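The values are calculated or read from the model by the stated rules, or taken from the named source; none is laboratory data. Please read all numbers here as calculations on a predicted model, not as lab measurements. Heads up, the Cβs are rebuilt from the backbone with ideal geometry, glycines too, and the neighbour counts pull from every protein chain shown. Please note that ligands, DNA and RNA were not included when accessible areas were found on the heavy atoms of the full protein model with its side chains. Shrake-Rupley method; radii C 1.70, N 1.55, O 1.52, S 1.80 Å.
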Amino acid sequence: MKVLVTGGAGYIGSHTCVELIKNGHEIVVVDNFANSHPKAIERVKAIVGKDFPFIEINICDTEALDKVCADHKPDCVIHFAGLKAVAESVSIPLNYYENNIVSTINLLRAMEKHGIKHLIFSSSATVYRADNEMPLTEDSTRGCTNPYGWTKYMCEQIITDAVKARGNCSAVLLRYFNPIGAHESGTIGEDPSGVPNNLLPYLSQTAVGKHKELPVTGADYDTPDGTGIRDYIHVSDLATGHVAAIEYATKVEGAHPFNLGTGKGTSVLEMIHTFEKVNGVKVPYRITDRRPGDSGVSYADPAKAHELLNWKAVKTPEEAYADTWRWQTNNPNGYQD
Ligand code: NAD
Ligand code: UFG
């Protein structure tokens, strides 16, 4: 299968490119480096020992996207490209709505024009309301608290409607829980710009000495140790989920949502202590106020993906923390080194 990967220089995209090639797919990658670095592409090529076409375009540019589809004739698209910082989406919402929604509409039009039948879309657990019972199933109530989340919610709806109207085509909407970890080679990983928003990048940068201490944002949640619980999934497991999703997409019609998570929750303090043990480092931390809008507990019921995609997360938290530390210590400044 020839797969067009949008946003393939990014964190999840780069790891998925590795898995796609390992599983015999041909890939064509596009990215505008809005939140990534060309080195990620070079390093993916080094890991797989293969070259593949990369084209630097903004996928909101209709003509540029049209040319890529005409030149490369993909059979399938994995659409990672998007802006993803929650706080930034609150301060510049129109940039988020424009980039994430226009790009998705453009892609759907290009797919129809070029007869590309299958789409795998990067959605998020953020589409679920915080007051659902746990674990979250694909039928849990949806609703968002920030513009970033609404772009995912709206794109899911747009894709579902477009696929239904077009007929004889399919989309898999992958709702990721909390991606962590890095490729075992330590050569590709998460490279947040500025101060990280997410827990594990902040934790590993604290361990390497870039921050004095890790703020533990809330220790008064209704959880065993009071800190927030999330479903952290190794990025390489997420990547294999995309390979499974392609196979499924070729067998079905219509749009189908799937949770990609482990089904297990981990608290902030559990993560800190296990990270310290696995990597033999100290992580200084301080309890602070809750982050506004944060929920206490979120974890997936991944049964639908087990059953229909024949996919399961297999990597342990210990592997994820060791892989993150290898990436962090080999690349203290991410791809800038
Ligand atoms: P990322 O920022 O590392 O990767 C996204 C890539 O898309 C970047 O390389 C960026 O340069 C590119 N991009 C953005 N807009 C573009 C455009 N208009 N044209 C071309 N390229 C563009 O993010 P990620 O963590 O790899 O996430 C991938 C996808 O998964 C995103 O859609 C994100 O919203 C979604 N997601 C991420 C998480 C997470 O916690 N990382 C969780 C749930 C969902
Ligand atoms: N946390 C800290 N200190 C920090 C950062 C986070 O204690 O410096 C805590 C949070 O309170 C939460 C947990 O660590 O309990 C995880 O926080 P993250 O920011 O890493 O993850 P979230 O679940 O809050 O959000 C992430 C992405 C969203 C995405 C969601 C579901 O940021 O965009 O996962 O995929 F929608």
Checklist outcome for this item: Picked from the range 106-135 (must be assigned to a helix (DSSP H, G or I) and open to solvent by 70 Å² or more (accessible area, probe 1.4 Å)), the residue farthest from ligand 2 (Cβ to nearest atom) is Lys113
Checklist entry - What residue, among those in the range 1-36 that are within 9 Å of ligand 1 (Cβ to nearest atom) and open to solvent by 20 Å² or more (accessible area, probe 1.4 Å), is nearest to the chain's Cα centre (by Cα)? => result Ile12
Checklist outcome for this item: Picked from the range 82-101 (must be in contact with a helix residue (DSSP H, G or I) (Cβ under 6 Å, 6 or more places away or on another chain) and outside any helix (DSSP H, G or I)), the residue surrounded by the fewest Cβ atoms within 10 Å (Cβ to Cβ) is Leu83
Checklist outcome for this item: Taking the range 281-297 and keeping only residues that are within 30 Å of Gly209 (Cβ to Cβ) and surrounded by 13 or more Cβ atoms within 10 Å (Cβ to Cβ), one is left with Val281, Val283, Tyr285, Ile287, Thr288, Arg290, Arg291, Asp294
Checklist entry - Which of the residues that make up the range 148-163 are crowded, with 21+ Cβ neighbours inside 10 Å and either farther than 30 Å from Val44 by Cβ or of a type in the set (D, E, K, R) (or both)? => result Lys152, Glu156
Next on the checklist: Could you go through the range 150-166 and let me know if any residue there is over 30 Å from Lys282 (Cα atoms) and aromatic (Phe, Trp, Tyr).
Outcome noted: yes
Item to check | Flag for Val163 being free of Cβ contacts under 8 Å to residues at least 60 places away in the same chain and either within 11 Å of ligand 1 (Cβ to nearest atom) or in contact with a Gly (Cβ under 9 Å, 6 or more places away or on another chain) (or both) | outcome: no
Next on the checklist: Take the residues in the range 254-310 that are part of a strand (DSSP E or B) and within 30 Å of Ile116 (Cβ to Cβ); name whichever of them is nearest to ligand 1 (Cβ to nearest atom).
Outcome noted: Leu260
Checklist outcome for this item: Among the residues of the range 164-211, the number that are among the charged types (D, E, K, R) and either surrounded by 21 or more Cβ atoms within 10 Å (Cβ to Cβ) or in contact with a Pro (Cβ under 7 Å, 6 or more places away or on another chain) (or both) is 3
